[in-house]
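Working notes, beginning with the structure itself.
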Amino acid sequence: MSAIKELEETLVCHKIKPTAMRLLVLEYLLDREAAVSLTDLYKAFVKSDRTTIYRTLKVFEENGMVHSIDDGTSVPKYALCEDGCKCDIERDLHLHFHCRICEKTKCLTSYKIPEIVLPPNHEAEEANLVVKGICPQCKIES
Ligand SMILES: [Zn+2]
Ligand SMILES: [Zn+2]
């Protein structure tokens, strides 16, 4: 299976119609190890229309292919969801790590947050657990 075919399948799996822009953005996200902001995407695709990039990301988010992370920097970051994740608040709660030196935010997908129990009549819509500190790379360099 060619790389493009694989990208297309990922989109189709999430009920997203493959377009050239969507394939490019997906490829870009797959190459990143840190979560990206909209500004990162604009910089990566300077020749593309910003509205198209924004809509692409929103379609990915609405179809459960990416999730947004509020890392406290006031700039939302986006990361690809794990395979098979439906961005269900109860099932996909993993930790995020924000490094205060390189300012990268990463998904720690294998570090799940235990189920959060809320008082009766409280309906959760989103939760964000971001741990702040120094990442391994910055630790080595310091
Ligand atoms: Zn760092
Ligand atoms: Zn994440």
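So here's what we get for this one:
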read-out: Test: residue 78 is away from ligand 2 (no atom under 12 Å from the Cβ) and at pLDDT 90 or above; value: no
read-out: One residue from 126, 115, 103 being surrounded by fewer than 13 Cβ atoms within 10 Å (Cβ to Cβ), within 20 Å of the chain's Cα centre (by Cα), in a loop (DSSP other than H, G, I, E, B) and among the charged types (D, E, K, R); value: 126
read-out: Criterion (charged (D, E, K, R) and either in a helix (DSSP H, G or I) or touching a Lys or Arg at 6+ places or on another chain (Cβ under 6 Å) (or both)) met by exactly one of 27, 33; value: 27
read-out: Those residues of segment 44-66 which are assigned to a strand (DSSP E or B) and open to solvent by 20 Å² or more (accessible area, probe 1.4 Å), in sequence order; value: none
read-out: Odd one out for residue 109 among (1) loosely packed, with under 15 Cβ neighbours inside 10 Å; (2) within 14 Å of ligand 2 (Cβ to nearest atom); (3) of a type in the set (Ser, Thr, Tyr); value: (1)
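The values are calculated or read from the model by the stated rules, or taken from the named source; none is laboratory data. Predicted, not measured: the structure shown is a model, and the values here were computed from it. Note that each Cβ is placed from the backbone with ideal geometry, even for glycine, and that neighbours are counted across all protein chains shown. Ligands, DNA and RNA are stripped out before the accessible areas are found, and what is left, the full protein with its side chains, is counted by its heavy atoms. Shrake-Rupley method; radii C 1.70, N 1.55, O 1.52, S 1.80 Å.
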